[in-house]
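I have placed the structure first, in the form of structure tokens, so that the comments after it can refer back to it.
The values are calculated or read from the model by the stated rules, or taken from the named source; none is laboratory data. Keep in mind it's a predicted model, so treat the numbers as computed, not measured. A quick note on method: Cβ atoms are made from the backbone with ideal geometry, for glycine too, and the neighbour counts reach across all protein chains shown.
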């Protein structure tokens, strides 16, 4: 029986994160990059998980309206400690302060991913527990001087120099990097797209 050839899918990543790009490339998903311009301010009394998921959905939906022929992936990552959201540091001193809060303790990384196409947006959130080794002030300052923390939630990158600070992780490593790949594929398939370890097809 003849099976019709699958049609290629235009996939857009609503983020300029080089790590998310690397992860999509790693699993063979050809894509374009078009960062979504949205307000990422935390709403009054908004809890961390709903905040994270809302931003991912807004990023995906905003570009899906602009590019109705495409499948759009939006994602957002936050670090939470003592109930407070740690975003990207604004200064080196801010990065040092964040890392001192995380030193020798557990924190939670939440990464939301959303997929939008055809007027529909599906999303989910991965929660990962990360424990840091005890870090001295000179170690923290030396890490901050590398520049790596400055564009990352919680002021560290687990895929870079920051890997040396992590003592243990429980959950999806790729969610800590910024894009939970297993959850992404599930959402794409729920929208009717086929992932066969190659470019996405309909």
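Some values worked out for this structure:
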read-out	value
Filter result for residue 165 (surrounded by fewer than 18 Cβ atoms within 10 Å (Cβ to Cβ) and either modelled with pLDDT of 95 or more or more than 18 Å from residue 183 (Cβ to Cβ) (or both))	no
Residue check for residue 86: over 22 Å from residue 41 (Cα atoms) and touching a helix residue (DSSP H, G or I) at 6+ places or on another chain (Cβ under 8 Å)	no
Subset of region 164-202 [more than 25 Å from residue 86 (Cβ to Cβ) and touching a helix residue (DSSP H, G or I) at 6+ places or on another chain (Cβ under 6 Å)]	195
For residue 122: the one exception among (1) without any contact (Cβ under 8 Å) to a residue 40 or more places away in the chain; (2) closer than 30 Å to residue 11 by Cα	(1)
Strands (runs of 3 or more DSSP E) contained entirely in region 21-133, each with at least 1 residues that are within 23 Å of residue 164 (Cβ to Cβ) and more than 17 Å from the chain's Cα centre (by Cα)	71-81, 106-117, 120-132
Selected residue (only one of 130, 65, 115 is within 30 Å of residue 192 (Cβ to Cβ) and surrounded by 21 or more Cβ atoms within 10 Å (Cβ to Cβ))	115
Which listed residue is in contact with a helix residue (DSSP H, G or I) (Cβ under 7 Å, 6 or more places away or on another chain), surrounded by fewer than 17 Cβ atoms within 10 Å (Cβ to Cβ) and in contact (Cβ under 8 Å) with a residue 24 or more places away in the chain, from 100, 106	100
The one condition in (1) surrounded by fewer than 17 Cβ atoms within 10 Å (Cβ to Cβ); (2) closer than 21 Å to residue 17 by Cα that residue 194 fails to fulfil	(2)
Of all residues making up region 16-42, the number that are touching a helix residue (DSSP H, G or I) at 6+ places or on another chain (Cβ under 7 Å) and within 19 Å of residue 154 (Cα to Cα)	3
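Yes or no, residue by residue, for (1) without any contact (Cβ under 8 Å) to a residue 24 or more places away in the chain; (2) farther than 26 Å from residue 71 by Cα; (3) out of contact with any strand residue (DSSP E or B) (no Cβ under 7 Å at 6 or more places or on another chain):
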residue	(1), (2), (3)
133	no, yes, no
141	no, yes, yes
165	no, yes, no
168	no, yes, no
174	no, no, yes
180	no, no, no
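For (1) touching a helix residue (DSSP H, G or I) at 6+ places or on another chain (Cβ under 9 Å); (2) assigned to a loop (DSSP other than H, G, I, E, B); (3) within 16 Å of residue 20 (Cα to Cα); (4) in contact (Cβ under 8 Å) with a residue 12 or more places away in the chain, each residue gets a yes or a no:
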{"position": "138", "(1), (2), (3), (4)": "no, no, no, no"}
{"position": "150", "(1), (2), (3), (4)": "yes, no, no, yes"}
{"position": "157", "(1), (2), (3), (4)": "yes, yes, yes, yes"}
{"position": "162", "(1), (2), (3), (4)": "yes, no, no, yes"}
